[in-house]
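The values are calculated or read from the model by the stated rules, or taken from the named source; none is laboratory data. Computed from a predicted structure; not experimentally measured. Ideal geometry is used to build each Cβ from the backbone, glycine not excepted, and the neighbour counts take in all protein chains shown. To get the accessible areas, we keep the full protein, side chains included, count just its heavy atoms, and leave off ligands, DNA and RNA. Shrake-Rupley method; radii C 1.70, N 1.55, O 1.52, S 1.80 Å.
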Amino acid sequence: MEPDFTEKDKSSTRQRDRWDVIVIGGGVVGCAITRRFALAGAKTLLLERGKDILSGASKANSAILHTGFDAPPGSLELACMQAGYREYLEIHKHMNLPVLKTGALVVAWNEEQLAQLDGIVDKAHENGITDTVQISRNDLVKREPGLSNMALGAVEVPREYVIDPWSAPLAYLKQAVRAGADYKFSTEVTSGEFDGEFWHLGTGRGQFSGRLVINCTGNNGDNIEQICRPPTFEIRPRKGQFLVYDKSANALINSIILPVPTSITKGVVLTKTVFGNLLLGPTAEEQADRNVARVDREMLEGLIKSGNAMLPGLCEHAVTATYAGLRPATQFKDYQIDAEAGKNWIGVNGIRSTGLTASLGIAAHVERLGSETYPGLIAFKSGPVAEWPVMPMLAEHEKRAYQLGDGTEIVCHCEHVTRAEILAALEGEVPAGDLGGLRRRTRVMMGRCNGFYCSAKVAELTRGKLAPPMATDTEGQL
Amino acid sequence: MSGFDHDVVIVGSGPSGIAAATALWRAGIKDIVIYEREDQIGGIPRHTHHPSFGLLVFKRPMTGPKFIRALVRRCPDVRFETNTTVTALGLGGELEIATVSGTRTIRARHIILATGAREAPRHARLVPGLRPQGIMTTGALQQFIYSSKLRPFERPVIVGTELVSFSALWTLRHAGIKPAAMIEENSRITAYRPAALFARLLGVPIHDNAKITNIDEIETLKQITIDTASRESMIIPCDGLIFSGSFVGENSIAAASHLTLNPRSRIPQVDQNWITSDPAVSAIGNAIHPADMGDQCYLEGLKTGAYVAKLLAGKLAPAAEFMRIQHNAGIKMTTPSIVRLEKTGETRFDLAFHVTDAFNGTVRVSQGKDVLYHKTRHCLPTRRIMLKNIRLQSCTADKDQPVSVLLMG
């Protein structure tokens, strides 16, 4: 499936380029929904304005697979999280996607928080997470000897896990493509008209027509809703800054360390990543801008301070990366997912920080919503079961390509990425569209040296394959 | 020798690794292998094409690649294995190595870690702003220009004014790329002052007291914003950003192993003979003192190799006692960080350190009540300060007291 726009654009008015479903937005939710509809036999197209999937909110999250223990009882968010959680655990092995079974501890740092732990356990039980228990300060110290002695007690949630936040959505889209779906990157939807049967979406790369449109545009959700109807919500981007610590810090904790949540945010989390680092964040900052997420020194230093206060040993370890993400929050707590009767449009909005966990559940919910609201609109057919794409294993606790030996040398030394892994990510069903996409697919240049050792080699290997290119040739100039 | 694959495995083929092999070979230890994870040997000098090498070893200036070739001619039979990554260090001389055919475990009677140093990159410096392409370090720049013949940008800004920052300038000049500016956080440049003249001759402004407050934009670098002492803030249009200097040891293998690390610096603890907390493992070169000149690393490697040869020949007295070396703020690290005491008589050692900021005053080394060194020194950051021939009397030393290195105002 080469992203060859010119050939397709010319034929976009022909019948064969009319789609059953057009998904706008290639974040984790868009990828999961594309997969769901493609597997159900719908002819599905994903439009993404970035050069690759996960160009917006989905590229920056904490990579936790949540049980939903602290989600609002009875909410759509909880239902989608729990369905998504179950489906991920059912399918991850087929696609070679990792799960790091750490469990989580909600730690109380003062008497007031300690008093809240009972309520957290009750809510978890109400949400069906019945193995959630309160543990004493002594047990906490035994499990997490690295934590500061300010920790007073905790709630243990044994089935909170850590996953690969980038390989999972890529696997969803790859499977969709194997089931007949298509995708277009660098294709921003700017207008749309509904003729009673088809939506005709205008983009910078021509018009695309489909029976059903599903808006999964995250931080741009309310703007895209305008194409169909006045939005009933407003996106209020919430910025979260994160710090990734060197792998040397990974062993400082055993479980995901969660704070006692407030109504606004889950607070600052300490977690391992599947890649073997230690992650600290996020901050929660309201901002008007929907596209630009900067890191700033003061907030990062504040994060470091709170990290050191929780985990004193952290102060000796180096920071490998800093990043900021924008969560598409709205004025409402719950997800804003609904179908517009008579207009063949489903809005999937307000998927804030729980989208990675919930995406597969959201996809199932949206499929149901679609077939209930628009019966007969899409002729779902049970085609042959789509092949499972087998993803490159990037998790540190599993066997990596360099350990098994793939006949090529390690190019990225910090993350142990082989030449064959890099070349493979530039080919296949959904090749990397830009350097960020390559990094997320392989881990290349994601390590402690930020590319000191390997970036020139990566520039050589990606010559002519990424936009913008990492470099231009000097041949003949020197 | 059953159970061992080699007498000595050296990890890293930069000047210190090559030197250790050379000295071992000369001392009759021939079953040596040098593992190099890159596809070429030589470490940092292999892509450093300006003549800052050779003065101490060959008494003439040479480029990095020429320096490495000349060093290798001194040990023509030593075996290098490139594209071979050491992925773990275990007890008893055990190493896990990765080659194109996967990982396997090997054992050596002795292991010398000579893994070098790299520059602190953007993220470790917590530089604010966005994350466009075009942000790199001098080491990466040299590889783009010299090794890959690729041009990553047309008008970059160099961050830092260490010697290596002017190496970045040299590299850019070679490629016909004119930087927009050099910026320095402090009030004076870190390298020797005449280096600034080089920048001036090339028409490159140096902004001192300058700090980056923003990087724009999302995909491609368009500009940075800096705060300077004189002006509130200033925008510099640029399409590249080179973080130079601020070297850190590449100690990831040691850090993930059983070796004792010095607190805070997380550099492996070594004694005056470069032996770590595991007597079967040495650590040498810029990994433990980021970063000295290639020549200095070579000379250190020769001494290490000679010592390891004696160790393997069983010519050293065992079971010595050790004494900690502590230092005050202002000192980045000392080498050694622990002293191996002779059982009787006198222990003599050289003590090297780096300062964090320029210092003009008395350097004092003491142990308990004894003053071992007391002299006025002019110390500049990024330069090795060497105190030769520190002497400790084993019989009189109070073994509970550390050796203490102090900068005295």
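Descriptive notes on the structure:
- Meets criteria (of a type in the set (Gly, Ala, Ser) and in a loop (DSSP other than H, G, I, E, B)) for residue A:180: yes
- Within the range B:4-28, tally of residues that are open to solvent by less than 50 Å² (accessible area, probe 1.4 Å) and within 14 Å of residue B:93 (Cβ to Cβ): 6
- Candidate set: the range B:169-188, residues that are open to solvent by 20 Å² or more (accessible area, probe 1.4 Å) and not small (Gly, Ala, Ser); chosen: the one nearest to the other protein chains (Cβ to nearest Cβ): B:174
- Qualifying residue in the range B:129-142 (condition: facing chain A (nearest Cβ under 9 Å), open to solvent by 10 Å² or more (accessible area, probe 1.4 Å) and free of Cβ contacts under 8 Å to residues at least 24 places away in the same chain): no
- Residue match in the range A:428-449 (condition: under 20 Å from residue A:97 (Cβ atoms) and modelled with pLDDT under 95): yes
- Number of residues in the range A:419-478 that are of a type in the set (A, V, I, L, M, F, W, C), closer than 21 Å to residue A:27 by Cβ, more than 8 Å from chain B (Cβ to nearest Cβ) and under 21 Å from the mean Cα position of the chain (by Cα) equals 5.
- Those residues of the range B:196-207 which are buried (at least 19 other Cβ atoms within 10 Å of the Cβ) and of a type in the set (Gly, Ala, Ser), in sequence order: B:196, B:199
- Residue in the range B:395-407 that is least open to solvent (accessible area, probe 1.4 Å), counting only those that are among the polar types (S, T, N, Q) and under 31 Å from the mean Cα position of the chain (by Cα): B:404
- When the range B:65-112 is filtered for residues that are within 14 Å of chain A (Cβ to nearest Cβ) and either assigned to a loop (DSSP other than H, G, I, E, B) or among the β-branched types (Val, Ile, Thr) (or both), the ones remaining, listed by number, are B:82, B:83, B:84, B:85, B:86, B:87, B:97, B:99, B:100, B:101, B:103, B:105.
- Hey, residue A:106 modelled with pLDDT of 95 or more, assigned to a strand (DSSP E or B) and under 30 Å from residue A:35 (Cα atoms) or not: no
- Qualifying residues in the range A:387-407 (those that are surrounded by fewer than 18 Cβ atoms within 10 Å (Cβ to Cβ) and either part of a loop (DSSP other than H, G, I, E, B) or away from chain B (no Cβ under 14 Å) (or both)) - the one farthest from the chain's Cα centre (by Cα): A:407
- The set of residues from the range B:254-271 being touching a helix residue (DSSP H, G or I) at 6+ places or on another chain (Cβ under 9 Å) and buried (at least 22 other Cβ atoms within 10 Å of the Cβ) comprises B:254, B:267, B:268.
- For residue A:431: the one exception among (1) crowded, with 24+ Cβ neighbours inside 10 Å; (2) in contact with an Asp or Glu (Cβ under 9 Å, 6 or more places away or on another chain): (1)
- Residues of the range B:366-392 that turn out to be part of a strand (DSSP E or B) and either out of contact with any Ser or Thr (no Cβ under 8 Å at 6 or more places or on another chain) or open to solvent by less than 30 Å² (accessible area, probe 1.4 Å) (or both), as a count: 13
Table: residues versus (1) assigned to a strand (DSSP E or B); (2) of a type outside the set (D, E, K, R); (3) within 14 Å of the chain's Cα centre (by Cα).
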| site | (1), (2), (3) |
| --- | --- |
| B:273 | no, yes, no |
| B:290 | no, yes, yes |
| B:296 | no, yes, yes |
| B:304 | no, yes, no |
| B:307 | no, yes, no |
| B:315 | no, no, no |
| B:334 | yes, yes, yes |
| B:339 | yes, yes, no |
| B:364 | yes, no, no |
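- Only residues that are aliphatic (A, V, I, L, M), outside any loop (DSSP other than H, G, I, E, B) and open to solvent by 10 Å² or more (accessible area, probe 1.4 Å) were counted in the range B:275-288, giving 1.
- For the range B:386-402, filtering for residues that are among the β-branched types (Val, Ile, Thr) and either at pLDDT below 95 or over 17 Å from residue B:271 (Cα atoms) (or both) leaves 1.
- Taken over the range B:144-163, the criterion of being touching a Phe, Trp or Tyr at 6+ places or on another chain (Cβ under 8 Å) and buried (at least 24 other Cβ atoms within 10 Å of the Cβ) is satisfied by B:152, B:159, B:160.
- Looking only at the range A:236-252, and only at residues there that are assigned to a strand (DSSP E or B) and more than 13 Å from chain B (Cβ to nearest Cβ), the one that is surrounded by the fewest Cβ atoms within 10 Å (Cβ to Cβ): A:238
- Top-ranked residue of the range B:208-229 - restricted to ones that are outside any strand (DSSP E or B) and acidic (Asp, Glu), ranked as surrounded by the fewest Cβ atoms within 10 Å (Cβ to Cβ): B:217
- If you go through the range B:143-160 and keep only what is touching a residue at least 60 places away in the same chain (Cβ under 8 Å) and either within 17 Å of residue B:211 (Cβ to Cβ) or among the polar types (S, T, N, Q) (or both), you end up with B:143, B:147, B:157, B:158, B:159, B:160.
Results for (1) open to solvent by less than 30 Å² (accessible area, probe 1.4 Å); (2) touching a residue at least 24 places away in the same chain (Cβ under 8 Å); (3) not in a helix (DSSP H, G or I), shown as yes or no for each residue.
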| residue | (1), (2), (3) |
| --- | --- |
| A:271 | yes, yes, yes |
| A:276 | yes, yes, yes |
| A:283 | yes, yes, yes |
| A:288 | no, yes, yes |
| A:291 | no, yes, yes |
| A:301 | no, no, no |
| A:305 | no, no, no |
| A:309 | no, yes, no |
| A:314 | yes, yes, no |
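- Remark: residue A:438 matches the filter, which requires a residue to be open to solvent by less than 20 Å² (accessible area, probe 1.4 Å), part of a helix (DSSP H, G or I) and farther than 28 Å from residue B:249 by Cβ.
- Contacts under 6 angstrom Cβ, first residue in the range B:53-79 being within 17 Å of residue B:164 (Cβ to Cβ), partner among the hydroxyl-bearing types (Ser, Thr, Tyr), 6 or more apart: B:64/B:48
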